[in-house]
Ligand code: F6R
């Protein structure tokens with residue numbers, strides 16, 4: 001995800017910016033750039049790819065006197081990862097960097113273009129700098145122009161702007177995306193998280209949404225909608241590893257919390273008002289395709305299973321799912337009317353990669369759904385859709401699963417549109433539900449506290465059964481996998497209707513059943529399956545919007561008209577439960593024993 005660094009002072013600015021951006025590398029990016037004003041002169045450098053490319057481009061440049069500077073690592077959302085689309089974006093005499101999404105950028109861009117402003121990138125960010133210069137041409141007042149510009153923006157942003165019109169000033173604004181200001185004497189730093197300024201600044205102020213202002217002469221002036229305001233700084237943490245976790249105890253915890261915002265990244269530019277678009281695909285790619293086969297491992301296999309329900313039900317296309325390591329040796333019959341989809345967070349999983357190669361040798365068209373651009377699986381596939389989850393550090397996958405599932409849901413609608421297998425009304429309902437997903441993924445303090453409390457009752461026993469029906473069956477499999485991976489307790493995912501065909505023999509008070517009981521899909525059916533278990537004294541933790549009197553423990557979720565919204569909300573509950581059980585057992589949450597993040601061996 002994108003990162004921002006800014007500095008105003010007399011130190012060497014290039015190094016501060018590049019070192020700062022390096023600290024944000026772990027978030028993922030595909031281009032980077034810096035802009036500096038020193039002695040009233042603007043200088044900028046941009047490069048696609050790794051920061052080393054930017055370092056190479058700037059190796060003969062030093063900035064030794066007083067000046068202002070901003071830098072950015074970009075992770076492409078609007079427009080491809082090219083130098084033109086990389087930040088900082090230039091107007092005639094100003095530069096801007098921005099994280100987030102300006103939702104009304106197209107309207108602003110249209111208005112400015114009518115006045116003759118020329119845009120050179122495909123980004124939403126470029127509108128900010130042109131807007132600023134548009135107002136400056138009228139008022140000759142930089143701060144007034146900046147204030148007017150940000151008042152026009154809808155959406156999420158953290159932004160820094162520098163201009164030859166005020167060569168000793170950095171303008172800043174924050175709404176929805178993180179930004180902080182660091183202080184060390186007269187030196188002032190900006191960053192989108194702590195790490196770039198740890199070891200440099202001593203005090204910090206974390207900007208609140210709606211705050212904006214400027215830094216000049218060693219001072220920061222802060223404003224919000226009510227005018228100028230005072231603020232209090234606090235000492236800056238000194239532990240970088242802690243700061244990378246944004247204050248969370250574990251990367252997994254951070255990744256669970258960021259699912260809501262990450263999901264917006266997955267959808268941006270793809271979920272449009274009346275349809276789903278993928279710039280990675282063209283309609284002819286699906287010519288002749290009558291069947292889909294999805295191949296993956298572990299968590300990615302579970303998202304594949306979920307996708308298969310959606311593809312068959314909504315897009316009306318037959319879909320089979322295979323575990324990659326099984327697929328490789330089963331001598332599968334592959335027909336060229338089949339689209340072969342691989343799903344992988346890392347893009348390097350050996351079994352999945354080999355399955356893909358087999359399908360290609362059989363002449364099948366291939367599509368990968370992957371989180372890592374340029375990974376082996378992406379390179380090997382005919383087409384790739386990136387999940388845009390950002391780097392996932394916790395070995396137990398969370399946000400990768402959420403975003404893979406979302407891509408499969410979007411792909412379902414894309415195919416359904418193409419095949420005319422969906423009515424306009426149903427499509428509108430699906431799109432509306434999709435837009436509500438980030439909300440369904442929000443972790444509330446109340447929910448997390450509840451799961452922390454509940455977790456103490458689930459540290460023993462002779463096993464867990466996560467049960468669900470339909471798309472909640474793969475979610476049950478995923479819930480069980482998460483618990484196994486980080487708690488080392490035995491857990492299984494099962495279709496709830498299948499329990500009576502064998503596993504119910506295990507039922508007693510020491511068998512913990514985590515029942516996924518959505519109200520919008522087969523509620524009565526799963527309810528009777530859970531009653532059968534309760535009658536045999538199994539301990540039931542029910543997750544449902546509907547209170548369930550036989551539950552020993554109950555986590556209430558929201559009533560929702562769309563099963564996928566219930567799916568994502570329940571997914572968060574199971575993730576948090578596993579996390580808290582693991583914490584209580586004293587395990588290494590982020591690096592569980594025996595597991596690797598990327599399984600590149602067979
Ligand atoms: C589970 C987990 C693994 C991976 C599996 C496939 O939390 O992380 O089960 O899902 O090893 O990895 P990718 O998706 O990278 O192909």
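The values are calculated or read from the model by the stated rules, or taken from the named source; none is laboratory data. Bear in mind that the values here come from a model prediction, so they are computed numbers and not experimental data. A quick note on method: Cβ atoms are made from the backbone with ideal geometry, for glycine too, and the neighbour counts reach across all protein chains shown.
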Taking the condition within 14 Å of the chain's Cα centre (by Cα), farther than 24 Å from residue 486 by Cα and not assigned by TED's automatic domain parsing to the domain that holds residue 74, does residue 256 pass?
-> no
Of everything in segment 377-388 that's more than 11 Å from the ligand (Cβ to nearest atom) and under 13 Å from the mean Cα position of the chain (by Cα), which residue is surrounded by the fewest Cβ atoms within 10 Å (Cβ to Cβ)?
-> 386
Filter segment 143-155 for residues that are touching a residue at least 40 places away in the same chain (Cβ under 8 Å) and in a helix (DSSP H, G or I); which is surrounded by the most Cβ atoms within 10 Å (Cβ to Cβ)?
-> 146
Return yes when residue 403 is more than 16 Å from the ligand (Cβ to nearest atom) and either surrounded by 24 or more Cβ atoms within 10 Å (Cβ to Cβ) or over 26 Å from residue 311 (Cα atoms) (or both) and no when it is not.
-> no
Please tell me if residue 299 is within 16 Å of the ligand (Cβ to nearest atom), assigned to a helix (DSSP H, G or I) and within 28 Å of the chain's Cα centre (by Cα).
-> yes
Would you mind stating whether residue 134 is outside the structural domain of residue 279 (by TED's automatic domain parsing) and in a strand (DSSP E or B)?
-> no
Taking residue 492 and the conditions (1) out of contact with any strand residue (DSSP E or B) (no Cβ under 6 Å at 6 or more places or on another chain); (2) within 16 Å of the ligand (Cβ to nearest atom); (3) free of Cβ contacts under 8 Å to residues at least 40 places away in the same chain, which numbered condition does it fall short on, given that it satisfies the others?
-> (1)
Say whether the condition of being assigned to a strand (DSSP E or B) and in contact (Cβ under 8 Å) with a residue 40 or more places away in the chain is met by at least one residue in segment 518-537.
-> no
Taking segment 335-362 and keeping residues more than 10 Å from the ligand (Cβ to nearest atom), at pLDDT below 95 and outside any helix (DSSP H, G or I) leaves 335, 336
The correct count of residues that are over 22 Å from residue 284 (Cα atoms) and either within 14 Å of the ligand (Cβ to nearest atom) or in contact (Cβ under 8 Å) with a residue 60 or more places away in the chain (or both) in segment 363-376 is 5
Looking at segment 469-480, is at least one residue over 30 Å from the mean Cα position of the chain (by Cα) and away from the ligand (no atom under 16 Å from the Cβ)?
-> no
Answer yes or no as to whether residue 314 is out of contact with any helix residue (DSSP H, G or I) (no Cβ under 8 Å at 6 or more places or on another chain) and either assigned to a helix (DSSP H, G or I) or in the same structural domain as residue 471 (by TED's automatic domain parsing) (or both).
-> no
Run residue 331 past the list (1) in a loop (DSSP other than H, G, I, E, B); (2) touching a helix residue (DSSP H, G or I) at 6+ places or on another chain (Cβ under 9 Å); (3) without any contact (Cβ under 8 Å) to a residue 12 or more places away in the chain and report the number of the one that doesn't hold.
-> (2)
Taking residue 17 as meeting all but one of (1) under 15 Å from residue 87 (Cα atoms); (2) outside any helix (DSSP H, G or I), write down the number of the exception.
-> (2)
Test residue 35 against the stated conditions and say whether it is surrounded by 15 or more Cβ atoms within 10 Å (Cβ to Cβ) and in a strand (DSSP E or B).
-> yes
The one condition in (1) modelled with pLDDT under 95; (2) outside any strand (DSSP E or B); (3) buried (at least 21 other Cβ atoms within 10 Å of the Cβ) that residue 158 fails to fulfil = (2)
Can you pull out the helices (runs of 4 or more DSSP H) entirely within segment 385-443 that have at least 1 residues that are in contact (Cβ under 8 Å) with a residue 40 or more places away in the chain, touching a strand residue (DSSP E or B) at 6+ places or on another chain (Cβ under 9 Å) and not assigned by TED's automatic domain parsing to the domain that holds residue 479?
-> 399-419, 424-435
Within segment 42-66, restricting to residues that are in a strand (DSSP E or B) and without any contact (Cβ under 8 Å) to a residue 40 or more places away in the chain, the one that is farthest from residue 16 (Cα to Cα) is 48
Across (1) touching a strand residue (DSSP E or B) at 6+ places or on another chain (Cβ under 8 Å); (2) crowded, with 18+ Cβ neighbours inside 10 Å, residue 134 clears everything bar (1)
Selection from segment 313-334 of residues that are within 16 Å of the ligand (Cβ to nearest atom) and either surrounded by fewer than 22 Cβ atoms within 10 Å (Cβ to Cβ) or farther than 21 Å from residue 409 by Cβ (or both) = 322, 323, 324, 325, 326, 327, 328
Selection over segment 547-567 where residues are more than 26 Å from residue 460 (Cα to Cα), surrounded by fewer than 24 Cβ atoms within 10 Å (Cβ to Cβ) and in contact with a helix residue (DSSP H, G or I) (Cβ under 7 Å, 6 or more places away or on another chain) yields a count of 5
Kindly list, by first and then second residue, each pair from a residue in segment 584-601 that is under 17 Å from residue 324 (Cβ atoms) and away from the ligand (no atom under 12 Å from the Cβ) to a residue that is modelled with pLDDT of 80 or more and outside any loop (DSSP other than H, G, I, E, B), limited to pairs with Cβ atoms under 6 Å and residues at least 6 apart or on different chains.
-> none
